[in-house]
Amino acid sequence: MKTADAVVIGAGVSGSSIAFRLAQQGLKVVIVDKNGPGSGASGSCDKAIFMQSKRPGLHMELAMASRRMYDTLEAELEQSVEFESDGGMVVIETPRHMEFMKDFIEKQRKAGISVSLIDGDAARAAQPFLAPHILGASFSPDDADVNPLALNAAFFRAAKRHGAVHLTHSEVIAVNTERGKVTSVETTRGSISTGLVINAAGPYAKSVGALSNIDIPVQPRRGTILISESIPKKVTGCLLDAQYIASKHLRSDNDDAPPYGVGLSLGQTVSGNLLIGGSREFAGFDKRPNQDVIATIAAHAARIAPELAKTRIIRTMTGFRPYTGDGLPIIDRAAEVDGYIIAAGHEGDGLALAPLTGQLVVDLIKGSGPTHHFLSGLRVDRFAGSKQDAPAATPGTTANPATEVHVPA
Amino acid sequence: METFLNPRVKTAGSVMMISDVVVIGAGPAGLSAAVTAAEAGADVVVIDENPRAGGKLLGQLHEEPGTGWWIGAEISKKLAERAVNAGVRILTNRQVWNISQKWEVALDTGECVKADYAVVATGAAERPLPVPGWSLPGVMAIGAAQTLTNYYRVRPGDRIAIVGVDPLSLTVAHELSMAGADVVGIYLPGKSIFAGTQADPDTNLEYLAGMSDLAPNAFLRWGGKLAANKTLRKLALTFFPKSGLPLMGTRLNLRKSLVSIGGNERVEHVEVATIDSQGNPGKTRTVKVDCVCISGGLYPVQELTRDCGLVRIDQLGGTIPLYSPEMETTQDNLFVAGNVTGIEGAKIAMAQGNLAGTVIASRLGLLEGKEAIDRAAAAVRFARKSSAITFMPDIEEGRRIADDLWLERVRENSLAQKDESYA
Amino acid sequence: MLKRISDHPVLGPLSQEEIEFEFDGKSYQGIKGDSIASALLANGVRTLRFSNRDGEPRGIYCGIGHCFECRMTVNGVQSVRACITQACDGDVLESQGENRGERHDDF
């Protein structure tokens, strides 16, 4: 049997970041994934690292701490992850949204984010494809972009350089314990003897937890993103529409909101393809494409950026974001089993928080460290008593249970 | 990204069409399935992204032993006419966006076809075989050259080099010569991770040995005879002339590989290396050409069958969906026919389409008894046995593997049902 | 026409019904039933677009709509595959991308 100091379940950006940090600490790490690195949510998301959409407070503090880590991440990982700090924009379509955004920006500023409101002409000067009816936008130079696949691969490789071993295409079938303590992880391709397991299985954290009778309140939230043909450089930085942010605070406004939780997120990859998001629905783990969702995303995007109507969509991707209900991940020890750590539930913040996630787990294990003060807000027992269930799927209507401002992953 | 971007079809937006059967792909398999089902009385819609029905059949042109010229364009036309006469609606110029269960096929025109039965007959595509310089205009897949020459009647070049030795490339070489092109040579690809054993002279001779005596042209007949046994193959390779073997106006070079393509703005010349019997390059020489045709072999196209229990069977040319002896996939009422099930000739594809169409007609209650299905299944086996061109040398073995996998699945399902009945 | 196979030993003579269309501002003739790609090739036009990254010329590759190398703008609709789109009388066709690559003869 293989032995390891720690077994990380899940080779997405979070799991790979955790494996990297633990291996860097000198631990003998095995990363297990039922498929391969980035095969889940981390491989079916857009590329934005939004700061200005985060809620002031812990959510914002986590994002800012992680964003600072991004500045030196490529050097640390010894690889380009196509990180660009070109800033980000939230475009505003209606006077009501404008009013709301003014207030929101004020709060963001107080929280220490550099963000300003620009008028429609200034927004169009910065992003010439925006429609004439766009009233304005908030712009933050702190927002950034990253290539999620490159980021995932870079963490994964860096972990391996520090001695981590991978076991891909291996599904965890049991986490064995003795007297309440983790002793080994059993996979479809063999067992690993270990005293420490980190469940970083994202939307699958719940079912992995269930193997050990640990209740992890994470639900899959389905999101679809369209990918266009490669076109000459058109989009600078990343872009959202205020719909995403306002929908929480302006419930009465939701009558105008597109179905399937659709709001625009837009970015362009280094190779020229546009990533056009996105939807947010509760529909279990059903990955089959829905042409209504695709058409709704397309129509919404083309309203804000009319030129997109001419651009060919070559592919769509659908992923499942790990949803906790309060917009924050769970980074905590499981009370039920000694040696079992939960690190999941980032929903749309997997990329934004990726550099930090590994450090949070290291600090959790050590009981101290630069990010340790965040952990009290990320405990799993914050959900105790309020049995969290995803709202039922309601096809064609806005599934909007969010109590939080979410960024499309 | 506007929902509908199709320069050749104007529709009013969302149009729903209802039929008994929807067939995706108007090649030999799809058309045959449509004809059989429609002639039995079914309402059938066929969808194809090309401007006209026929698929890869359109470009085919070779001499069949005993029956004369096989002119794909004429056969396609007749088959399409027969379909239309039977009431089949053939919708060309349409791309399938999505297929969802029981069965809805969404098109890029905004139209949607709803049917109880679906037949996926998406055929095959060519494996790319990258060669330095292959992005230059004038370099094309062998199949593109075939359709341009025999269907559109446009010569893809005046002096043409062919890369890759297989039944398709040898057939097209002949067709290009007939159309007045100077085929300067047929070469092996240079050694690369993409070429694999295709760059290996011995493998190529072995491949040629798999071709039939019934082969429709001298290249193939010669290949079949020369390479029939291993000793002869070794001898053949040792004595294979470095200058190639002259055949019907061109040269087959099993001792030369095409290592790069050059030119300013378009193909102007190729670099050809003499190789040893292991495929290692020696001296090189420049040959002036204006067109290069690359033949990397065919693979079944599975864009619409991903939920059908895909398996990779190299003997069939790649990944295929599991299918029943009646051509049904693991998804109820979703059928497959033609090259999507493995690489074979048009006649076999037509027989498979006919079988799928017969089964569907029978399920719809339009045909009585099992005789028609048995006859159609026998016709597939006969077509395979009497085929003039064998694209995959171990096709029979490949089909056996596919049949066994299906049986295994049926057994597992019946065991699972038993388990449930105990519970 | 440059590369048209007007007489074929098996297929016989060619249809004569002509169409006229425009590509990058120049007028060309084709035969009814031509694909855009075949009509242009018959006129000796091999370059159908220029690549995004380096502005290199690109022509027909797969001929079955898979590789998208032959995409062009047809009557204002972007990225249409020339190999599987019928050429029609009066079509206005435009290449996509910019010819800006510095090309060297690799030999």
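The values are calculated or read from the model by the stated rules, or taken from the named source; none is laboratory data. For clarity, every value in this text was computed on a predicted model and none was experimentally measured. Cβ placement follows ideal geometry from the backbone for every residue including glycine, while neighbour counts extend to all protein chains displayed.
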Scan region B:338-348 and give yes if some residue there is assigned to a helix (DSSP H, G or I) and more than 20 Å from B:Leu79 (Cα to Cα), otherwise no.
-> yes
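Could you run through region B:36-63 and say how many residues are farther than 24 Å from B:Lys102 by Cβ and away from chain C (no Cβ under 14 Å)?
Total meeting the criteria: 1.
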Could you pull out the residue among C:Cys83, C:Cys67 that is facing chain B (nearest Cβ under 8 Å), under 26 Å from A:Ile231 (Cα atoms) and at pLDDT below 95?
-> C:Cys67
Considering only region B:137-166, state which residues are hydrophobic (A, V, I, L, M, F, W, C) and either more than 16 Å from the chain's Cα centre (by Cα) or more than 8 Å from every other protein chain (Cβ to nearest Cβ) (or both).
-> B:Val139, B:Met140, B:Ile142, B:Leu148, B:Val154, B:Ile160, B:Ala161, B:Ile162, B:Val163, B:Val165
From the list A:Val165, A:Val175, A:Val185, A:Val146, which residue is in contact (Cβ under 8 Å) with a residue 40 or more places away in the chain, surrounded by fewer than 20 Cβ atoms within 10 Å (Cβ to Cβ) and of a type in the set (Val, Ile, Thr)?
-> A:Val165
Restricting attention to strands (runs of 3 or more DSSP E) lying wholly within region B:249-328, give those where 1 or more residues are in contact with a strand residue (DSSP E or B) (Cβ under 9 Å, 6 or more places away or on another chain) and among the β-branched types (Val, Ile, Thr).
-> B:250-262, B:269-275, B:281-288, B:291-294, B:310-313, B:318-321
Determine whether region B:115-130 contains at least one residue that is within 11 Å of chain C (Cβ to nearest Cβ), among the small types (Gly, Ala, Ser) and either on the phi > 0 side of the Ramachandran plot or surrounded by fewer than 24 Cβ atoms within 10 Å (Cβ to Cβ) (or both).
-> yes
Taking region A:118-152, which residues are over 17 Å from A:Tyr244 (Cβ atoms), of a type in the set (A, V, I, L, M) and outside any loop (DSSP other than H, G, I, E, B)?
-> A:Ile118, A:Ala122, A:Ala125, A:Ala126, A:Ala144, A:Leu149, A:Ala150, A:Leu151
Restricting to region C:21-54, what's the tally of residues that are among the charged types (D, E, K, R), more than 24 Å from A:Pro232 (Cβ to Cβ) and at the interface with chain B (Cβ under 8 Å from one of its Cβ atoms)?
-> 1
Those strands (runs of 3 or more DSSP E) lying entirely in region B:53-169 with at least 1 residues farther than 22 Å from B:Thr390 by Cβ and among the hydroxyl-bearing types (Ser, Thr, Tyr) | B:96-100, B:111-120
Give the residues of region A:174-189 that are in contact with a strand residue (DSSP E or B) (Cβ under 8 Å, 6 or more places away or on another chain) and not β-branched (Val, Ile, Thr), sorted by residue number.
-> A:Ala174, A:Asn176, A:Gly180, A:Lys181, A:Ser184, A:Glu186, A:Arg189
Apart from one, (1) surrounded by fewer than 18 Cβ atoms within 10 Å (Cβ to Cβ); (2) at negative phi all hold for A:Glu93; the odd one out is (1)
Could you please give the count of residues in region A:300-315 that are touching a residue at least 40 places away in the same chain (Cβ under 8 Å) and facing chain B (nearest Cβ under 9 Å)?
-> 5
Given region A:280-392, what strands (runs of 3 or more DSSP E) lie entirely inside it while holding 3 or more residues that are surrounded by fewer than 24 Cβ atoms within 10 Å (Cβ to Cβ) and not basic (Lys, Arg)?
-> A:313-323
Filter pass, B:Tyr299 being within 14 Å of chain C (Cβ to nearest Cβ), among the aromatic types (Phe, Trp, Tyr) and within 30 Å of B:Asp404 (Cα to Cα) | yes
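Kindly indicate the residue of region C:32-49 that is aliphatic (A, V, I, L, M) and touching a residue at least 24 places away in the same chain (Cβ under 8 Å) and also surrounded by the fewest Cβ atoms within 10 Å (Cβ to Cβ) among those meeting that condition.
Just the residues of region C:32-49 that are aliphatic (A, V, I, L, M), to begin with: C:36-37, C:39-42, C:45, C:48.
Remaining after also requiring touching a residue at least 24 places away in the same chain (Cβ under 8 Å): C:36-37, C:39-42, C:48.
Numbers: C:Ile36: 28, C:Ala37: 29, C:Ala39: 28, C:Leu40: 27, C:Leu41: 33, C:Ala42: 24, C:Leu48: 28.
So the residue we want is C:Ala42.
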